[in-house]
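Undergrad: So that we are looking at the same thing, I have put the structure below in structure tokens.
The values are calculated or read from the model by the stated rules, or taken from the named source; none is laboratory data. Being a predicted model, the structure only gives us computed values, none of them experimental. With ideal geometry, Cβ positions are generated from the backbone for all residues, glycine too; neighbour counts draw on all protein chains shown.
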């Protein structure tokens, strides 16, 4: 059965349901103001797992609540575990006018919003799949640069969820916010080398 990817748009940030029949994985959670909307969408499925591309509030603020609601574990990269305790463990910088504006608007909230580390969690790395949850063709790809542990998901043969490694605020391209710009550039080249795929961004409309 083919996988379906459904966009849940919460303000300026996106999360996605990857489904196969009635079973689904949620990728990211949006921010707190979107919690009920995300819960409503997830309740249409038999939820198996929550995956975080990284733990910033606009991607992970609802993770603990969703995990508890559906009694599902949360997967993310170990290198980002420290961000739950302190955003400034991996501070963000920006390039370009778009990046400057986005970071200026977001910085206070990034620092002040407490993202609760989900009690039921485990770590994932490059090449891991979610076969034990019924999704063998969903594979982790490491995409560091925005954060040290940023990840994406390769879905089937032709789709990828990239978190903030890329964005589509105006046009698709390398993410405008980074913790390590040189690493972000290497990630951008890694993604380019994969060839054309349906791409689902943390911010901005998907491209096909």
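Undergrad: Among the residues of segment 77-84, is there at least one that is in a strand (DSSP E or B) and within 30 Å of residue 2 (Cβ to Cβ)?
TA: There is no residue in segment 77-84 that is in a strand (DSSP E or B) and within 30 Å of residue 2 (Cβ to Cβ).
Undergrad: How many residues does segment 17-59 contain that are buried (at least 24 other Cβ atoms within 10 Å of the Cβ) and part of a strand (DSSP E or B)?
TA: Number satisfying all stated conditions: 7.
Undergrad: In segment 93-111, which residues are under 19 Å from the mean Cα position of the chain (by Cα) and either modelled with pLDDT of 95 or more or surrounded by 14 or more Cβ atoms within 10 Å (Cβ to Cβ) (or both)?
TA: 93, 94, 99, 102, 103, 106, 107, 109, 110
Undergrad: Output the residues belonging to segment 117-143 that are surrounded by 15 or more Cβ atoms within 10 Å (Cβ to Cβ) and in a loop (DSSP other than H, G, I, E, B).
TA: 117, 118, 124, 128, 134, 143
Undergrad: If a residue must be on the phi > 0 side of the Ramachandran plot and touching a helix residue (DSSP H, G or I) at 6+ places or on another chain (Cβ under 6 Å), how many such residues does segment 141-165 contain?
TA: Qualifying residue count, segment 141-165: 1.
Undergrad: Let me ask another. Looking at segment 1-25, which of its residues are without any contact (Cβ under 8 Å) to a residue 60 or more places away in the chain, under 18 Å from residue 153 (Cβ atoms) and in contact with a helix residue (DSSP H, G or I) (Cβ under 6 Å, 6 or more places away or on another chain)?
TA: Result: 8, single match.
Undergrad: If you don't mind, there's one more thing I want to ask. Look through segment 166-196, keep the residues that are touching a residue at least 40 places away in the same chain (Cβ under 8 Å), touching a helix residue (DSSP H, G or I) at 6+ places or on another chain (Cβ under 9 Å) and in a loop (DSSP other than H, G, I, E, B), and return whichever of them is nearest to residue 14 (Cα to Cα).
TA: The extreme case among them is 169.
Undergrad: Test each condition in (1) closer than 16 Å to residue 28 by Cα; (2) out of contact with any strand residue (DSSP E or B) (no Cβ under 6 Å at 6 or more places or on another chain); (3) surrounded by fewer than 19 Cβ atoms within 10 Å (Cβ to Cβ) for residue 189 and report the one that comes out false.
TA: That leaves (1) as the condition not met.
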